[in-house]
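Taking it in order: structure first as structure tokens, then the write-up.
Derivation of every value follows stated rules applied to the coordinates shown; laboratory data play no part. This one's a predicted model, so the numbers in the text were calculated from it and none came from an experiment. All Cβ positions, glycine included, derive from the backbone under ideal geometry; neighbour counts span all protein chains shown.
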């Protein structure tokens, strides 16, 4: 199944409602929007016999945003991390930060940052500006 990225403009209240549903279901915003579109197209197809869209719109189990739960590797890593005490977690984080500094690289250009919302990106930009001074 090929995924496509689209851009739509919707009222802020709809985005907030979708985010609340996504958080409640432990799903991504993309999954919620895709599911809403899937259901809408299914209803339109049922109410209008001239449309055959409903027959072709269905859930595909292996899409990246629709996979329920955590993967096996991520679950094992999470369980191992949760087995540590808070003090051990801080020490592990400090060690990771120290090791990244030892490599002597400018990690600013070597990382990928992803944000669920544009507002999150703007908040990160403000924080980055404040900390770089």
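To make sure I understand, if each residue's beta carbon is the centre and we count other beta carbons within 10 Å, what order do 21, 10, 44 fall in, fewest to most?
Details: 21 16, 10 10, 44 13.
Least to most surrounded, the residues fall as 10, 44, 21.
What FRET efficiency comes out for residue 29 versus residue 132 if R0 is 30 angstrom and r is the Cβ-Cβ distance? Round to the nearest 0.05. Intermediate results must be reported in sequence, preceding the final value.
Working: r = 30 Å, r/R0 = 0.98.
The value I calculate is 0.50.
In what sequence do 31, 124 fall when counting other Cβ within 10 Å, fewest first?
Numbers: 31 20, 124 12.
The order, fewest Cβ neighbours first, is 124, 31.
With the crude spin-label approximation of a point 7 Å out along Cα→Cβ, what separation in nm comes out for residue 19 versus residue 122?
Going from the residue 19 label point to the residue 122 one covers 1.2 nm.
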